[in-house]
Amino acid sequence: MSAPLAYRFDHLHVFCSDVDATERWFVEGLGATLVERRHARGVRTSELQLGGAQLLIRGAREGEQLAPAGARHFGADHFGLRVLDVDATVAELRRRGVRIEVEPWDFGPTLRIAFVKGPDDVRIELVQTKEPLPDPTPEDGALGGPQ
């Protein structure tokens, strides 16, 4: 019998065409916290905290050929952030100038969701549960909670 596998989410790495603009969008638009700026293998990387998770953003390395943002494709499509109130979160993000891709709507009886679109067409789903699950706290970086 093989040993059980144990995982814990570590980070999300976003490649971007403009590190400064992308960092600013996540910090000013979504409320991420800048942890550190550093150079890794010849390219600047920004480490952010968002919703309790590590988010790394970087541009292309010399000689690295990254496809431009565009049509949806197979592979990762978006990442989701749990929020306390999706409608209040969307209203605040709109006030901050964040592009709302899909307005809030009920995705079945237990979820209300919306989508925002960031630099380089990064899609982020905002998820509100309608059942008694442990919700994030504002201290975890949750949007839409008490300020």
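A few notes on this one:
- Condition check for V98: surrounded by 14 or more Cβ atoms within 10 Å (Cβ to Cβ), under 15 Å from K117 (Cα atoms) and in contact with a helix residue (DSSP H, G or I) (Cβ under 7 Å, 6 or more places away or on another chain): yes
- Residues satisfying the stated conditions in region 57-67, i.e. in a loop (DSSP other than H, G, I, E, B) and touching a residue at least 12 places away in the same chain (Cβ under 8 Å): G59, A60, R61, E62, L66
- Taking every residue in region 68-96 that is more than 20 Å from L111 (Cβ to Cβ) and pairing it with any residue that is among the polar types (S, T, N, Q), at least 6 positions away or on another chain, the pairs with Cβ-Cβ distances below 8 Å are P68/S17; A69/S17.
- Residue within region 122-132 that is in contact with a strand residue (DSSP E or B) (Cβ under 7 Å, 6 or more places away or on another chain), among the acidic types (D, E) and at pLDDT below 95 present: no
- Residue in region 38-56 that is assigned to a loop (DSSP other than H, G, I, E, B), more than 16 Å from P104 (Cα to Cα) and not small (G, A, S) present: yes
- All conditions in (1) loosely packed, with under 12 Cβ neighbours inside 10 Å; (2) over 17 Å from the mean Cα position of the chain (by Cα); (3) modelled with pLDDT under 95 hold for A76, with the sole exception of (2).
To keep it simple, each residue is scored yes or no on (1) over 17 Å from P119 (Cα atoms); (2) surrounded by fewer than 18 Cβ atoms within 10 Å (Cβ to Cβ); (3) at pLDDT 95 or above.
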{"site": "A6", "(1), (2), (3)": "yes, yes, no"}
{"site": "L12", "(1), (2), (3)": "no, yes, no"}
{"site": "E23", "(1), (2), (3)": "no, no, yes"}
{"site": "F26", "(1), (2), (3)": "no, no, yes"}
{"site": "V35", "(1), (2), (3)": "yes, yes, yes"}
{"site": "G42", "(1), (2), (3)": "yes, yes, no"}
{"site": "E47", "(1), (2), (3)": "no, no, yes"}
{"site": "G51", "(1), (2), (3)": "yes, no, no"}
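The values are calculated or read from the model by the stated rules, or taken from the named source; none is laboratory data. Keep in mind that this is a model prediction, so the values were computed, not measured. Quick reminder, even Gly has a Cβ in these numbers, built from the backbone with ideal geometry, and neighbours come from all protein chains shown.
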